[in-house]
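Dropping the structure in here first, questions after.
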Amino acid sequence: MTLPFFPVDLFDGDREALLDIVERVGTAPAQKFILGEYTAAFEAAIRDSIGAADAIACGSGTSALMLVLRAMDVGAGDEVIVPAFGCAPLAAAPALVGATPVFADVDPWTMVADPDAVARLITPRTKVIMPAHMFSVMADMPAFRRIADGAGVRLLEDSAVAQGGVLAGTPAGRWGDAGVYSFVQVKTFGMPGEGGMVVTDDRELGSTVRMLRNHGQDGTNRFRHHRIGYNSRFDEIMAAFQMHRFPTLPGRLERRARIGEYYTGRFTELAGCGVLAPPPTSDGRCYYVYSLLCERRDELHEFLAARGIGSHVYYRNPLPRQPAFAPYTRPGEAWPAAELAARRSLAIPIYPHLTDQQVERIADAVCEFAKES
């Protein structure tokens, strides 16, 4: 039996509930398909679950980053420090608001931004530091908080992959002046559609984000536009669906964590065989993706595929090596740890409905590859 990396049955158990929600929203007299009562309830649920002052649902995690940067008055002439390894929106969001993304190298083991590298890049033009949690590891947010406070710059925490993660007792998304979640289907609280969330304790910042997501309207006076904004409004069907699934989120997060801990326990001994598991600590973990570092990454990918096990390579190139972001780099700059991560990282399945037997099968195959190498 094939074990895909991207499972096609993530929402099979919620099929009837989703159909009922579509009918309920679609036939309601108000005909409110965006930013209605379900979105408000979803925002309140996320806000209260992490103890934030405000939560603002947006059209995507990417647009959430842009909205926060705009709300922080980031624009032309400003610099935003981002990791050199990660998803394109990390660099695209600053660029799209007219700022310059500045790339910091990452830790060679955890693949999250290296605080020392970030600190060295701060200049008088730095407006925001934007670390991102990566795969199953949260960034060193206490260090980034200290760096941001010491430099007098804003801290935007990209927690797109980390909802449910906790570091030193503080939930992912709560370390920065604002944090961002993503609800695309494969995330820890994914849904069958696009969506994101901004969380913050800064009520003024939250109010500005709320206005910018809806064409600069304040939510009270329709067709009165206070700022030039965006269309980044949350879907009512998806909001109702997320509220339906919200009570079961802790169980899914716990299952992901147990699978990740099992993998790490099995793979720790493989470091001498060219396969490196994430650090074993449980603090600051967010098991969205379980990614190994493998010296012969492509061979492991093929080895698993031959045994019916899907795996996935994220980010084959560091961000500054992407053609789109080359104009933001300078001759002679180097990001050796990011280059290494791009060559070695391979993600294996960790979705919560994997059975114990399937998890063991995946782990057995990885161990077989490493010990035969």
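The values are calculated or read from the model by the stated rules, or taken from the named source; none is laboratory data. Owing to the predicted nature of the structure, the values given are computational and were not obtained by experimental measurement. When we count neighbours, we look across all protein chains shown, and the Cβ atoms used for this are built from the backbone with ideal geometry, even at glycine. Areas reflect the complete protein model, heavy atoms only, side chains present, ligands, DNA and RNA absent. Shrake-Rupley method; radii C 1.70, N 1.55, O 1.52, S 1.80 Å.
Using a probe of 1.4 angstrom, how much of the accessible area of the chain is carbon and sulfur, in percent?
Details: 8230 of 15630 Å².
C and S fraction of accessible area: 53 percent.
Express the relative contact order of the range 239-340 as a whole percentage, based on alpha carbon pairs under 8 Å and six or more residues apart in sequence.
Details: 51 pairs, mean separation 16.0, N = 102.
The normalised contact order for the range 239-340 reaches 16 percent.
Label the range 7-57 by shape, choosing from rounded, prolate and oblate, from the square roots a ≥ b ≥ c of the eigenvalues of the Cα gyration tensor; if a/c is under 1.5 it is rounded, and otherwise prolate applies when a/b is larger than b/c, oblate when it is not. Working shown, then result.
Working: a/c = 3.11, a/b = 1.25, b/c = 2.50.
It comes out oblate by the Cα gyration axes.
What are the aspartates and glutamates whose alpha-carbon lies under 18 Å from the alpha-carbon of residue 187, with same-chain residues fewer than 8 places away excluded?
In chain and number order, the partners are 9, 12, 14, 43, 157, 158, 235, 254.
Another question about this same structure. Once every DSSP H run of n ≥ 4 in the chain is given -39500 (n - 2.57) and the sum is divided by its residues, what mean residue ellipticity at 222 nm do you get, rounded to the nearest 500 deg cm²/dmol? Intermediate results must be reported in sequence, preceding the final value.
Working: 12 runs with 139 residues, N = 373.
That calculation yields -11500 deg cm²/dmol at 222 nm.
Hey, can you grab everything whose amide H is under 5 Å from the amide H of residue 309? Only 5+ residues off in sequence or another chain; H modelled, so Pro and N-termini drop out.
Those lying under 5 Å, H to H, from residue 309 are 3.
Got a number for the accessible area of residue 22? Probe 1.4 Å, square angstrom, nearest 10.
Accessible area, nearest 10 Å²: 70 Å².
Taking 8 Å as the Cα distance limit and 6 or more residues as the minimum spacing, I'd like the relative contact order of the range 39-105 as a percentage. Don't skip to the answer; put the middle values down first.
Details: 73 pairs, mean separation 19.1, N = 67.
Relative contact order, the range 39-105: 29 percent.
In whole Hz, with x marking every Gly and Pro, tabulate ³J(HN,Hα) for the range 319-329 from phi via Karplus 6.51 cos²θ - 1.76 cosθ + 1.60, θ = phi - 60°.
Taking θ as phi minus 60°, the curve returns 4, x, 8, 7, x, 5, 10, 4, x, 9, 10 Hz for the range 319-329.
What is the Cα centroid distance between the range 122-153 and the range 185-223, reported in whole angstrom?
Using only Cα atoms to place each centre, the spacing works out to 22 Å.
Through the Karplus equation 6.51 cos²θ - 1.76 cosθ + 1.60, θ set to phi - 60°, convert the phi angles of the range 169-174 into ³J(HN,Hα) values in whole Hz; use x for Gly and Pro.
Per residue, the Karplus-derived 3J(HN,Hα) values read x, 10, x, 4, x, 9 Hz.
On to the next question. Counting alpha carbon pairs within less than 8 Å and at least 6 residues apart, what relative contact order, in whole percent, applies to the chain?
On the way: 756 pairs, mean separation 79.2, N = 373.
Dividing the mean separation by the residue count of the chain yields 21 percent.
Same structure again: Over the chain, with the other protein chains present, what is the accessible area per residue in square angstrom, probe 1.4 angstrom? Walk me through the numbers before you get to the answer.
Numbers: 15630 Å² over 373 residues.
I get 42 Å² per residue for this part.
So I have (1) 39; (2) 50; (3) 45, and one of them is percent of Cα pairs over 28 Å apart calculated from this model. Which one is it?
Matching entry in (1) 39; (2) 50; (3) 45: (3).
If you count only protein heavy atoms and use a 1.4 Å probe, how large is the accessible surface of residue 107, to the nearest 10 Å²?
So the heavy atoms of residue 107 present about 60 Å² to solvent.
Mind listing the long-range amide H neighbours of residue 217? Cut-off is under 5 Å, sequence gap 5 or more, other chains count too, H placed in the peptide plane at 1.01 Å from N.
Those lying under 5 Å, H to H, from residue 217 are 226.
Residue 360 to residue 19: extension gain in nm, 0.36 nm per residue of separation minus the Cα-Cα distance? Write out the running numbers ahead of the final one.
Working: separation 341, 0.36 × 341 = 122.76 nm, distance 3.48 nm.
The residue 360-residue 19 span can extend by a further 119.3 nm.
Within the chain, what's the longest stretch lacking GluC sites (Glu not before Pro) that sit in DSSP loops with no more than 15 other Cβ atoms inside 10 Å?
Values: sites that count: 295, 333.
With GluC sites (Glu not before Pro) excluded where exposed in loops, the chain gives 1-294 as its longest stretch.
By accessible area of protein heavy atoms, probe 1.4 Å, what ranking do 211, 72 get, highest first? All intermediate terms of the calculation are to be shown ahead of the outcome.
Details: 211 35, 72 10 Å².
Order by accessible area, largest first: 211, 72.
Mind listing the long-range amide H neighbours of residue 102? Cut-off is under 5 Å, sequence gap 5 or more, other chains count too, H placed in the peptide plane at 1.01 Å from N.
Counting only residues 5 or more places away or on other chains, the set is 80, 81, 82.
Determine the gain in length on full extension of the stretch residue 225-residue 96; use 0.36 nm per residue of separation and subtract their C-alpha separation, reporting nm with one decimal.
Numbers: separation 129, 0.36 × 129 = 46.44 nm, distance 2.11 nm.
Full extension from residue 225 to residue 96 adds 44.3 nm.
Which chymotrypsin sites (Phe, Trp or Tyr not before Pro) does the range 1-97 hold that lie in a coil by DSSP with at most 16 other beta carbons within 10 Å? Before the final figure, lay out the partial values.
Details: sites: 5, 11, 33, 38, 42, 85; in loops: 5, 11, 33, 85.
Those satisfying the criteria are 11, 33.
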